[in-house]
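J.: I'd like to ask you about the structure that follows.
The values are calculated or read from the model by the stated rules, or taken from the named source; none is laboratory data. Computed from a prediction, not measured in an experiment: that's the story for all the values here. FYI the Cβ positions are ideal-geometry reconstructions off the backbone, even for glycines, and counts take in every protein chain you see. Side chains are part of the model used for accessible areas, which takes the heavy atoms of the whole protein and leaves out ligands, DNA and RNA. Shrake-Rupley method; radii C 1.70, N 1.55, O 1.52, S 1.80 Å.
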Amino acid sequence: MPKRATYKVGALNLTIHPHSAEKYAALFKDAFQFRKPLRLHGDIQGVIHTVFDLIEGHPEKGLHGNLIKYTSIDPSNPWYDVSKGKVATKQQLDELSIPDGLAPNMKWTRYFFDPVHHKIIWVCQGPGISFSTSAVWKMFTSFFQHPTIVKDYGIPEITVEQDRDRLAQIFEMFRIEKLTIEYSRPNPDDDDDEEAEKAVEEKLRAQKIQTVQTIYSSEHHAGISPDKSTRALSRLALSNGCVRAKGKDAAGKRLEESTENHPWSLPFRMEQQKTNLALWLPQVVPDIIKALLK
C-alpha cells in the first residue's frame, strides 16, 4: 500500500496601494533582485531562493519557487568532539576545512504567490518540512523592505492569515466584555462578493486612513452582542489584522483570546513518493483560495 503523508499549507496576505495583479507581480519580481539571507533565529538563516512565472511571460498569473533555510556556522566559535566528549583540539581544528560559501543543514519548501488575491501560500509542514509561520512571515517582511522597493511601492503590509474557527470560538464566548478589532486598509479582489471589504476600503481610502483599531466595551454586567457589521469587520481582520477578546465563560472564569495566536492552515493527505511539490502546489491554489475566502 502506498505510503501517505500529511502536508499542511499556511498563508500570508500581502497588501499595497494602489493594487493590481500586474503591480503585485512587479513588486515581487523587483524585490527578488535585492533579496539576501536573513537570520530567522539562533544560527538559522533563511532566504527566498527562487522566483519563477507559473506561465512564462505572464507573472500576473502566479509566481512560485523555493524557500531555503540553513545553519550559518561561525568557524571561530569553539568546536566539540562528540566522540571523545570534550572540546576539540587546535590540531583537529587545523585539519578542519569547510569551503567558503557552504552551509550545512539545508531545508527547503515550496511557495506560491497569487497576484490576483495577493496571497503568499507555502507548504509549512510535511515529511522533512518545517517552516513556521513566524519564520516565513519574517522572511517575506524582510524581502519587501529594501529602500528601493519602499520608494517605488510604499511599505507593503504582510499579515498572517488567521484561523477562521478561532473567530467563531470568540463569538461563542459566554460573555464578551471587551472586543478589539485591528486591521489595515484592505485590497478587495475584483471577484470578491464580500461587499463589506469593498466598503471599508473605499471609506478608509477617502479619509486617507491606513490602519484602524476599534475597541468595544460591554455595558455593566452585560456581554457584547456583535451585529452583522461587527462580524464582517472581524472576518476582514483575519486577513488584514487581528481580533482580540476578553470575557468570561458560563462558570465566571475569565477568558482572553486573540486570533493572532492561531495561524490558519489547511491539511492535505497525499502519497508521499508521488508528491512533487513544484507541480502540486499551483494545482491546489484555487482550493486554498476558496478556503481562505469563506
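J.: Which members of segment 42-60 meet the condition of being open to solvent by 100 Å² or more (accessible area, probe 1.4 Å) and within 17 Å of W280 (Cα to Cα)?
T.: Selection gives F52 alone.
J.: Let me ask something additional. Which helices (runs of 4 or more DSSP H) sit wholly inside segment 60-169 and have at least 3 residues that are in contact with a Leu (Cβ under 9 Å, 6 or more places away or on another chain) and within 18 Å of I44 (Cβ to Cβ)? Before the answer, list the steps.
T.: On the way: elements: 90-95, 133-143, 147-153.
Answer list for segment 60-169: 133-143.
J.: Starting from residues that are in contact with a helix residue (DSSP H, G or I) (Cβ under 9 Å, 6 or more places away or on another chain) and open to solvent by 40 Å² or more (accessible area, probe 1.4 Å), keep the ones in segment 61-73 and report whichever is nearest to P282 (Cα to Cα).
T.: Our first condition is that a residue be in contact with a helix residue (DSSP H, G or I) (Cβ under 9 Å, 6 or more places away or on another chain); within segment 61-73, this holds for 61-67, 69.
This time we only want the ones that are open to solvent by 40 Å² or more (accessible area, probe 1.4 Å), so: 61, 69.
Values: K61: 11, K69: 22 Å.
So the residue we want is K61.
J.: Same structure again: How many residues are open to solvent by 70 Å² or more (accessible area, probe 1.4 Å) and either touching a residue at least 24 places away in the same chain (Cβ under 8 Å) or touching a helix residue (DSSP H, G or I) at 6+ places or on another chain (Cβ under 7 Å) (or both) when one looks only at segment 20-35? Give the steps one after another, and end with the answer.
T.: Quick first cut of segment 20-35, residues open to solvent by 70 Å² or more (accessible area, probe 1.4 Å) only: 22, 29, 33-35.
Going one step further and asking which of them are either touching a residue at least 24 places away in the same chain (Cβ under 8 Å) or touching a helix residue (DSSP H, G or I) at 6+ places or on another chain (Cβ under 7 Å) (or both), we end up with 22, 29, 34-35.
Matching residues across segment 20-35 total 4.
J.: Then there is this: Return the pair list, or none, for Cβ contacts closer than 6 Å from residues in segment 54-74 that are at pLDDT 95 or above to residues that are among the hydroxyl-bearing types (S, T, Y) and assigned to a loop (DSSP other than H, G, I, E, B), at least 6 apart or on different chains.
T.: These pairs meet every condition: G65/T50; N66/T50.
J.: Taking the criterion of being part of a strand (DSSP E or B) and among the hydroxyl-bearing types (S, T, Y), would at least one residue in segment 221-228 satisfy it? Spell out how you get there, then give the answer.
T.: Just the residues of segment 221-228 that are part of a strand (DSSP E or B), to begin with: none.
Looking through segment 221-228, none of the residues is part of a strand (DSSP E or B) and among the hydroxyl-bearing types (S, T, Y).
J.: Further question: Would you please name the residue that is least open to solvent (accessible area, probe 1.4 Å), looking only at residues in segment 74-123 that are among the aromatic types (F, W, Y) and more than 18 Å from L14 (Cβ to Cβ)?
T.: Filtering segment 74-123 down to residues among the aromatic types (F, W, Y) leaves 79-80, 108, 111-113, 122.
Subsequent filtering for residues that are more than 18 Å from L14 (Cβ to Cβ) retains 79-80, 108.
On the way: W79: 73, Y80: 138, W108: 111 Å².
Among those that are among the aromatic types (F, W, Y) and more than 18 Å from L14 (Cβ to Cβ), it is W79.
J.: Follow-up question, since we're still on this one. For residues that are over 19 Å from G128 (Cβ atoms) and in contact with a Phe, Trp or Tyr (Cβ under 9 Å, 6 or more places away or on another chain), tally how many sit in segment 44-63.
T.: The qualifying residues number 7.
Residue-by-condition table, conditions (1) closer than 21 Å to N13 by Cα; (2) in contact with a helix residue (DSSP H, G or I) (Cβ under 6 Å, 6 or more places away or on another chain):
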{"site": "G223", "(1), (2)": "no, no"}
{"site": "H262", "(1), (2)": "yes, yes"}
{"site": "K274", "(1), (2)": "no, no"}
{"site": "P282", "(1), (2)": "yes, no"}
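J.: Now a separate question. What's the number of the condition K36 fails, among (1) modelled with pLDDT under 95; (2) under 20 Å from the mean Cα position of the chain (by Cα); (3) not in a loop (DSSP other than H, G, I, E, B)?
T.: (3)
J.: Additional query: Pairs, please: C-beta under 9 Å, at least 6 apart or cross-chain, first residue under 16 Å from F113 (Cβ atoms) and in segment 278-292, second part of a helix (DSSP H, G or I) and open to solvent by 30 Å² or more (accessible area, probe 1.4 Å)?
T.: L292/R164
J.: So, one more: If you check T141, T133, which single one turns out to be without any contact (Cβ under 8 Å) to a residue 40 or more places away in the chain and either surrounded by 12 or more Cβ atoms within 10 Å (Cβ to Cβ) or touching a strand residue (DSSP E or B) at 6+ places or on another chain (Cβ under 9 Å) (or both)? Reasoning before the result, please.
T.: Details: T133 fails: without any contact (Cβ under 8 Å) to a residue 40 or more places away in the chain.
Result: T141 is the single residue among T141, T133 that is without any contact (Cβ under 8 Å) to a residue 40 or more places away in the chain and either surrounded by 12 or more Cβ atoms within 10 Å (Cβ to Cβ) or touching a strand residue (DSSP E or B) at 6+ places or on another chain (Cβ under 9 Å) (or both).
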